[in-house]
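Undergrad: Input: one structure, supplied below.
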Ligand code: SF4
């Protein structure tokens, strides 16, 4: 269980795909994320249902080494902007920006040194990817090998879906047996928020 609040993000992160899990881990380790990481992660959190107020609390607490003053001056505006609380007309009309799809994360703004955004299946080297996938809870050698092959053949979605299916194997079987998911819902995941939604539904 757990509602969508700042204090539950650590626990909700068990349902995150590799990209968002990496952002979350990096934030907890460094008490900071660079611009695109904040943007990618903020929009994802908005997409899972964290409201603006909770999102501001989450980032304020996450950036634990800075003062309120610095936070308010340098970060607050961008978070509100992502939610459409401030900013231009088209942004406001649309309620802020949409959470990024895999396609966008895979192809736009590849991460540079010290940046934690992007898609690990694409942007990590094999060793780091292997470590992250294991940290997500995958120890099965066949699955790890499959991820390796997917990455080598640049089938990044496939690697992500492979990990999802492995981590939710029992729940997926049960849901299928009970006819809980329609076939449309079992199509390939192509959005981090879809990954979260399915994982959350399956495990709750
Ligand atoms: Fe995230 Fe999509 Fe990459 Fe999976 S395939 S890690 S959801 S960007």
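Undergrad: When the residues of region 184-204 are filtered to those that are surrounded by fewer than 12 Cβ atoms within 10 Å (Cβ to Cβ) and closer than 25 Å to residue 106 by Cβ, which remaining residue is modelled with the highest pLDDT? Talk me through it step by step, then tell me what you get.
TA: Initially, region 184-204 is screened for residues surrounded by fewer than 12 Cβ atoms within 10 Å (Cβ to Cβ), giving 184, 187-188, 204.
Now restrict to residues that are closer than 25 Å to residue 106 by Cβ: 184, 187-188.
Values: 184: 58, 187: 85, 188: 92.
By that ranking, first place goes to 188.
Undergrad: Then there's this: Does region 9-44 hold any residues that are more than 19 Å from residue 101 (Cα to Cα) and in contact with a helix residue (DSSP H, G or I) (Cβ under 9 Å, 6 or more places away or on another chain), and which are they?
TA: 9, 10, 12, 14, 25, 26, 27, 28, 31, 32, 33
Conditions tested, residue by residue: (1) free of Cβ contacts under 8 Å to residues at least 24 places away in the same chain; (2) within 16 Å of the ligand (Cβ to nearest atom).
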site	(1), (2)
155	yes, yes
159	no, yes
162	yes, yes
165	yes, yes
171	no, no
188	no, yes
191	no, yes
199	no, yes
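Undergrad: Okay, moving on. Do you know which residues across region 3-53 are surrounded by fewer than 19 Cβ atoms within 10 Å (Cβ to Cβ), in contact (Cβ under 8 Å) with a residue 12 or more places away in the chain and not in a helix (DSSP H, G or I)?
TA: 4, 5, 31, 32, 34, 49, 51
Undergrad: Same structure, new question: Tally up the residues in region 97-116 that are free of Cβ contacts under 8 Å to residues at least 60 places away in the same chain and either more than 12 Å from the ligand (Cβ to nearest atom) or not in a helix (DSSP H, G or I) (or both), please.
TA: The total comes to 6.
The values are calculated or read from the model by the stated rules, or taken from the named source; none is laboratory data. From a predicted model like this one, the values you see are computed outputs, not experimental measurements. Positions of Cβ are backbone-derived with ideal geometry, glycine not excepted, and every protein chain shown enters the neighbour counts.
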